[in-house]
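Working notes, structure below.
The values are calculated or read from the model by the stated rules, or taken from the named source; none is laboratory data. Bear in mind the structure is a predicted one, so any value in this text is a computation, not a measurement. Backbone-built Cβ (ideal geometry, glycine too); neighbour counts: all protein chains shown. The area values use the complete protein model at the heavy-atom level, side chains included, leaving out ligands, DNA and RNA. Shrake-Rupley method; radii C 1.70, N 1.55, O 1.52, S 1.80 Å.
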Amino acid sequence: MAVLIDTPVWPWRGRLWSHLVSDVSYDELHAFVAAELGIPRRAFQGDHYDVPEELYAVAVAAGAQPVECRELLSRLLAAGLRRRKRATAAG
């Protein structure tokens, strides 16, 4: 299993968030999230889940590997699982 989580430092709506990814497959990531965190599938952000700070320790205890954000991105890119957001046309 290669589920990775970065430190919860990303602020949004008054909370801090982590990114949770797999460097193996999206199926592995969805299975981990469903079994261990209970985050709904609709929360999937194309290549990662945002995990609130209060679930960080739960994810790590369940087997997610804590990494720095740069390593998380590097491993996601190396696995070919990074999906970039589409640019929007300025109108």
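Per the Kirkwood definition applied to all pairs of different Cα atoms, how many angstroms is the hydrodynamic radius of the chain?
Over the chain, the inverse of the mean reciprocal pair distance is 13.4 Å.
Label points 7 Å out from Cα along the Cβ direction at Ala61 and Arg84: separation in nm?
My value for the distance between the label points is 3.9 nm.
For region 20-36, take each phi angle, set θ = phi - 60°, evaluate the Karplus expression 6.51 cos²θ - 1.76 cosθ + 1.60, and give the result in whole Hz per residue in order, putting x for glycine and proline.
10, 9, 10, 9, 10, 6, 5, 4, 4, 5, 4, 5, 4, 4, 5, 6, 10
Using a 1.4 Å probe on the protein chains only, how many percent of the accessible area of the chain belongs to carbon and sulfur?
53
Long-range amide H contacts for Ser22: which residues qualify at under 5 Å (H placed 1.01 Å from N, peptide plane, sequence gap of 5 or more or a different chain)?
Leu4
Could you do me a favour and compute the accessible area per residue for the chain, 1.4 Å probe, result in Å²?
Averaged over the residues of the chain, the accessible area is 65 Å².
Starting from the amide H of Leu16, placed 1.01 Å from N in the peptide plane, find each other amide H under 5 Å away whose residue is 5 or more places distant or on another chain.
The list, which skips near neighbours in sequence, is Glu53.
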